[in-house]
1. Could you list all residues from region B:39-56 that are within 9 Å of chain A (Cβ to nearest Cβ), of a type in the set (A, V, I, L, M, F, W, C) and over 18 Å from A:Leu35 (Cβ atoms)?
2. Between a residue in region B:31-46 that is within 14 Å of A:Val76 (Cβ to Cβ) and at pLDDT below 95 and any residue that is in a helix (DSSP H, G or I) and of a type in the set (D, E, K, R), which pairs come within a Cβ distance under 7 Å, given they are 6 or more apart or on different chains?
3. A:Gly108 - would you say it is part of a helix (DSSP H, G or I) and either of a type in the set (Phe, Trp, Tyr) or touching a residue at least 24 places away in the same chain (Cβ under 8 Å) (or both)?
4. How do the pairs read when you match residues in region A:199-227 that are free of Cβ contacts under 8 Å to residues at least 12 places away in the same chain with residues anywhere that are surrounded by fewer than 17 Cβ atoms within 10 Å (Cβ to Cβ) and part of a helix (DSSP H, G or I), using Cβ under 7 Å and keeping only pairs 6 or more apart or on different chains?
5. Taking only region A:111-120 into account, find how many residues are at the interface with another protein chain (Cβ under 9 Å from one of its Cβ atoms) and touching a residue at least 60 places away in the same chain (Cβ under 8 Å).
6. Can you confirm whether region A:40-48 contains a residue that is assigned to a helix (DSSP H, G or I) and more than 10 Å from chain B (Cβ to nearest Cβ)?
7. Out of everything in region A:11-22 that is within 7 Å of chain B (Cβ to nearest Cβ) and surrounded by fewer than 16 Cβ atoms within 10 Å (Cβ to Cβ), what residue ends up being modelled with the lowest pLDDT?
8. Just to be sure before I move on: is B:Arg97 in a helix (DSSP H, G or I), within 14 Å of chain A (Cβ to nearest Cβ) and at pLDDT below 95 in the structure I sent?
Amino acid sequence: MHLPAILPWGAAEGFSKQMLLVLLSVAIIATFFVLAARKQQLVPGKLQFAGEAAYGFVRNGIAKDIIGGRDFIKYVPLLFSLFFFILVNNIYGAIPLIQLPTFSHVGGAYVLAGLVYFTWIAIGVKKNGLRYFKLATVPSGVPWFILPIVIPIEIISNFLVRPVTHSLRLFATMLAGHLIVMIAGSGIEYLVMQENVLLKGTSVLVLAGAIAMYMLEALIMVLQAYVFTLLTAIYIEGALHADSH
Amino acid sequence: MNQLIISAATEGEVNPLMPNLWEMGVVLVGFLILLFIVVKFVVPMFEKTFAERAEAIEGGIAKAEKAQAEASAALEEYKQQLTDARTEANRIREEARAEGAQILADLKEKAAAESARITAQAHAQIESERQAAVVSLRSEVGTLATTLAGRIVGESLNDDERAARVVDRFLADLESQNAGAAK
């Protein structure tokens, strides 16, 4: 089911299959969108239309709807890159022979969540100055005697928990999906090898379950790419409009 | 099964939350390359296409709206001109009628005046001729009477023959005189 790892699996050093897939995803995305965008026809062809639909989905469906205003376009490249980078890397997990969602290795999720974390903090500080940290942690309209409780909660939820959940959500769903498919595959293998015919027959049930899980996984792969990008857009929007929250 | 056990055995000691630094590096570099390509090429090209398309569509709509506005303005103008022309025609017709009537009245008046003038002139002429005739008759009758009387007195009135001659001569003179005057 798997392509073998190129160099020692899970090793601290060496070039792994996961790394190859990450770089391949960059090549796939860049090639596809550069080809699609290159012609710039007013009446698009099929490729250009597909590219524009994909681009428009992130541009209008996420960036414009969540961030809005006139300067949402500034954040479109980041959101666009995040969405398709995560999408392609997740979908690897649904492709036979490849079958490795690269974010089932936690490092990539940390990197992207970290980038987003520093990005929205930088946006908030640039927009509001150092006052941003006060705006982000002291909610307006809260009675003063609740503030001692609210402020620590806000600090923890905004600045400590947020990047962790942001990265682990992606990583955990991908790892879990990967494990489920893998366990189902091993289970089928195990059941088929049983002597008992009835027991052997139950492998069909596992197969049906595995296919259903595979479909669910495929959905979750797309969904997690969307959720990660959407949350990024929400964080950026929150940083931009900290004074109205 | 063996595979699972082996992977569980090898990965069992590895905390899945501990990242592989090399993988992190590859993801970071790969993502930044992608971001660079997107910032540099993909987004500008798509945005340019979108802008051009929006401009083309909006330009087309604006052009169509302008053409429609122009057309309706022209229609309005033509209608206005038509109305103006009708009004003008009516006005001219009315004027012509009034003018015609005026001219007719003037002519009538002028004709009446002319006829009155001619009549008056004729009257005056007749009157003056009559006066002249009266005057000349009066003077001529006097002269005639005087001449006749002188002639009569100069000849013997006893002699019938002579008297008749005198009268004849007088008449002949008168006639010749008349003929001379006629000449």
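1. Passing the criteria: only B:Ala56.
2. Close Cβ pairs satisfying both conditions: B:Met45/A:Arg38; B:Phe46/A:Glu52.
3. yes
4. A:Lys200/A:Val192
5. 1
6. Scanning region A:40-48 turns up at least one residue that is assigned to a helix (DSSP H, G or I) and more than 10 Å from chain B (Cβ to nearest Cβ).
7. That would be A:Ala12.
8. Judged against the criteria, B:Arg97 is not a match.
The values are calculated or read from the model by the stated rules, or taken from the named source; none is laboratory data. The model shown is predicted, which means the values in this text are computed figures rather than measured ones. FYI the Cβ positions are ideal-geometry reconstructions off the backbone, even for glycines, and counts take in every protein chain you see.
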